[in-house]
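Asks: Take a look at this one; I'll ask things after.
The values are calculated or read from the model by the stated rules, or taken from the named source; none is laboratory data. Keep in mind the model is a prediction, meaning the values are calculated, not measured. A quick note on method: Cβ atoms are made from the backbone with ideal geometry, for glycine too, and the neighbour counts reach across all protein chains shown.
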Amino acid sequence: MIGPLQRLGQRGYGRAPRESEPGRPPRALVVALLLACASLMALDSNEDGALDHARRAVGEAIGPAQAVADSAVRPVVGLSDRFETQDDLRGQLAALEAENADLLAQVRTAPYDAARLAEIEGLITAATDLGKALVPARVIGVGPSQSFSSTVTIDAGSESGITPDLTVLNNDGLVGRVLRVTATTATVLLIVDPDSTVGGRLAGSLELGFLRGRGVLGQAGRLDLELVDETVVPRKDDTVVTWGSRDGESPYVAGVPVGRVVSVYSSLRETSQRAVIDPYVDFAALDVVGVVVPSGTRSGDRSVVEADGSLR
């Protein structure tokens, strides 16, 4: 005999639930996860909840390690900035050292620059006083040339309008005359050379004479003046200037200061007077000189001091 329960089983009533479909989580697991989320939300909403204690514990455990890691990494991160800063400091130091060297050089050369400036200004004044154009040049060598013993070489030649037999002077007075030239240099015969003869004139009496060198440079260098009129006695400290040449240009222009009378000697046998002249120019310290050139002379890329003191 079949009981009621058996009949229900046969009819499908009260049969066991089917297994979950593949790929779908069990219904119990879903319910458990939902209950867990709700519990965490409830705990987190409470300020004194268990999660705060958990966070605090984690922070206390991890914080020191983070601080150590940060202190170890920070120097490495800032290393490039430190290198850049040191490079900048090195650059600033190099610039300051260069500026200091320039200032020291200026201090050391200041007297020389001032002396050269005074010589150039003296050339401008000489050009104005003489009414002649000058080509400025520098002395670049001292020594004998051919049979002459007292010569200098200047850094201006034919390219600057220089030709032989031109007057050479500086801001103190007469230096000499041009002997020969190259394209860029010229040899100057100094008036203290024994083979040099210059026509001179006493500024006080206008008496004429001839100046000859003794071949000595420096403070001991002297010239001898013999007057045309042998009866005239030069006066001590009288100034001697050039009397000039026939054409007024070469080899010596008129009116250039030469020196002053320091002593006079008389020759009873020859009934003549000889005056010793101390030149104004210090031939042992020549630097900047001017060569007298005809007005309008082309001097290439070198400046010319005109007769009115202007430069072109």
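Asks: With respect to Val261, is the statement that it is hydrophobic (A, V, I, L, M, F, W, C), surrounded by 11 or more Cβ atoms within 10 Å (Cβ to Cβ), under 41 Å from the mean Cα position of the chain (by Cα) and modelled with pLDDT of 90 or more true?
Replies: Numbers: hydrophobic (A, V, I, L, M, F, W, C): yes; surrounded by 11 or more Cβ atoms within 10 Å (Cβ to Cβ): yes; under 41 Å from the mean Cα position of the chain (by Cα): no; modelled with pLDDT of 90 or more: yes.
No; evaluated as a whole, the condition is false for this residue.
Asks: Next question, about the same structure. Hey, can you tell me all the residues within segment 154-165 that are under 19 Å from Val142 (Cβ atoms) and either touching a helix residue (DSSP H, G or I) at 6+ places or on another chain (Cβ under 8 Å) or assigned to a loop (DSSP other than H, G, I, E, B) (or both)?
Replies: Asp155, Ala156, Gly157, Ile162
Asks: Looking only at segment 152-184, how many residues end up being surrounded by fewer than 20 Cβ atoms within 10 Å (Cβ to Cβ), in contact with a strand residue (DSSP E or B) (Cβ under 6 Å, 6 or more places away or on another chain) and among the polar types (S, T, N, Q)?
Replies: The qualifying residues number 2.
Asks: Among the residues of segment 219-255, write down those that are among the acidic types (Asp, Glu) and part of a loop (DSSP other than H, G, I, E, B). Don't jump to the end; show me each part of the working.
Replies: Residues of segment 219-255 among the acidic types (Asp, Glu): 224, 226, 229-230, 237-238, 247, 249.
Asp229, Glu230, Asp237, Asp238, Asp247, Glu249 - these are the residues of segment 219-255 that are among the acidic types (Asp, Glu) and part of a loop (DSSP other than H, G, I, E, B).
Asks: Return yes or no: is Asp113 of a type in the set (D, E, K, R) and at pLDDT 75 or above?
Replies: Working: of a type in the set (D, E, K, R): yes; at pLDDT 75 or above: no.
No: the conditions fail for Asp113.
Asks: Can Val188 be described as among the β-branched types (Val, Ile, Thr) and surrounded by 23 or more Cβ atoms within 10 Å (Cβ to Cβ)?
Replies: Details: among the β-branched types (Val, Ile, Thr): yes; surrounded by 23 or more Cβ atoms within 10 Å (Cβ to Cβ): yes.
So Val188 passes the test.
Asks: Sticking with this structure for a sec: Write out, first by first residue and then by second, each pair whose Cβ atoms fall under 6 Å of each other, whose residues are 6+ apart or on separate chains, and whose first residue, in segment 290-312, is aliphatic (A, V, I, L, M) and in a loop (DSSP other than H, G, I, E, B) while the second is surrounded by 14 or more Cβ atoms within 10 Å (Cβ to Cβ) and modelled with pLDDT of 85 or more.
Replies: Pairs that qualify, where the first residue is aliphatic (A, V, I, L, M) and in a loop (DSSP other than H, G, I, E, B) and the partner is surrounded by 14 or more Cβ atoms within 10 Å (Cβ to Cβ) and modelled with pLDDT of 85 or more, are Val304/Ala133; Val304/Val135; Ala307/Ala127; Ala307/Lys132; Ala307/Ala133.
Asks: Considering segment 274-303 alone, what residues qualify as being of a type in the set (Val, Ile, Thr) and within 29 Å of the chain's Cα centre (by Cα)?
Replies: First, pick out the residues of segment 274-303 that are of a type in the set (Val, Ile, Thr): 276-277, 281, 288-289, 291-293, 297.
The answer is Val288, Val289, Val291.
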